[in-house]
1. Go through the range 187-207 and give me each residue that's in contact (Cβ under 8 Å) with a residue 12 or more places away in the chain, not polar (S, T, N, Q) and not in a helix (DSSP H, G or I).
2. Confirm whether A181 is modelled with pLDDT of 95 or more, closer than 30 Å to D63 by Cβ and among the small types (G, A, S).
3. Check T154 against each of (1) assigned by TED's automatic domain parsing to the domain that holds G228; (2) surrounded by 20 or more Cβ atoms within 10 Å (Cβ to Cβ); (3) hydroxyl-bearing (S, T, Y) and name the one condition it does not meet.
4. When the range 61-87 is examined, which residues are found to be touching a strand residue (DSSP E or B) at 6+ places or on another chain (Cβ under 8 Å) and closer than 21 Å to K162 by Cβ?
5. For D297, are the conditions met, namely being over 22 Å from the mean Cα position of the chain (by Cα), among the acidic types (D, E) and surrounded by fewer than 20 Cβ atoms within 10 Å (Cβ to Cβ)?
6. Anything in the range 300-329 that is in a loop (DSSP other than H, G, I, E, B) and surrounded by 15 or more Cβ atoms within 10 Å (Cβ to Cβ)? List them, or say none.
7. Can you tell me which residue among T270, T242, T250 is farther than 22 Å from S156 by Cα and among the hydroxyl-bearing types (S, T, Y)?
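The values are calculated or read from the model by the stated rules, or taken from the named source; none is laboratory data. Everything numeric here is computed off the predicted structure, so don't read it as measured data. Heads up, the Cβs are rebuilt from the backbone with ideal geometry, glycines too, and the neighbour counts pull from every protein chain shown.
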Amino acid sequence: MTASLTPRGPLVGVLALGAALLLTATACSSSGSAKDESASTAGGTGTTHTVKTAMGDVKVKNDPKRVVVLDTAELDSAITLGVKPVGATRAGAEQALLSYLPTSRTTGITQVGEIANPNLEKIASLKPDLILSNKARDAQRYQQLSAIAPTVLTESTGYPWKQNFRVHADALGKKAEAETAIDKYETHVAAVTKALGGKQKAAATEVNVVRFVEGADIRIYGKKNYIGTILADVGLGRPAVTDKAEDGFTYDVSPEQIDKADADVIFTSTYGNPGKAKVTQTTTSGLWRGLRAVSDDRVFQVDDELWIQGIGYTAANKILGELQSDLTS
């Protein structure tokens, strides 16, 4: 996802709420700490358990009922694990929650602002018993969020999505369900690789993912990101340009450099307004028409929310299905 989202300063009302909650927690700490500790170390048999997070150990309810998620990966994780959040943020360029998720699972979820710019008062009004996010989006709001409810942050989002999923599952009290989801994905991966002709044939097919972004350069996705891990799991080849990606994430080019995206197969997505993302300007150029994938009619337009923004096992299984369909057609 794009990271050009500007966080909003904390609201006075939320600070007051946070101060009151922190005072309450301090007043109760001397009498309740021993009881809480025994609950968290009793193998989950008490009312709370301890989750290891990027901000340290956090005690959460064993079976949280009112969960607020502040990024798309956390939303995908919750839905995958059978948990319907009471609140969620949306991506800045979107007007609704992730469209690839079943509407039956997202209808009724209250929007609490944009990613990296949540409305703290609205979150507090939902009376959550757990908040899920990551440091990349909400590190600067951690104290305010923690004053509202136990807050579990992972270090980052995207590339470590599998590890993050386990943290989300632990926080939600859904470890068993997580293992089922992971096994389902791994079985699906093996089936797709087989359908593509096996590991050797899959590795011989070089695939690029090109994202057109409103107000930014065109992104050729490297190997250290969400979609890169899925392509690697299937065993697909990646062109040499992906090794030039900054921190393994993306290699950014202008429309005049789009020839660097050359590959056997190209998947394209668009974030924001297509005109402002230079889609037409790029895809009508001679450089674009000269790409192998274009010449061989092996360019596939995909949903940006699903392939780039979703970041989770529900999205991953849908992507696997599309990979198999497109690459075997």
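1. The answer is L196, A204, E206, V207.
2. Spelling it out, A181 is indeed modelled with pLDDT of 95 or more, closer than 30 Å to D63 by Cβ and among the small types (G, A, S).
3. T154 satisfies every listed condition except (1).
4. Answer for the range 61-87, where residues must be touching a strand residue (DSSP E or B) at 6+ places or on another chain (Cβ under 8 Å) and closer than 21 Å to K162 by Cβ: V67, V69, L70, D71, A73, E74, L75, S77, A78, V83, P85.
5. yes
6. V302, D303, G310, I311, G312, listed by residue number.
7. T270
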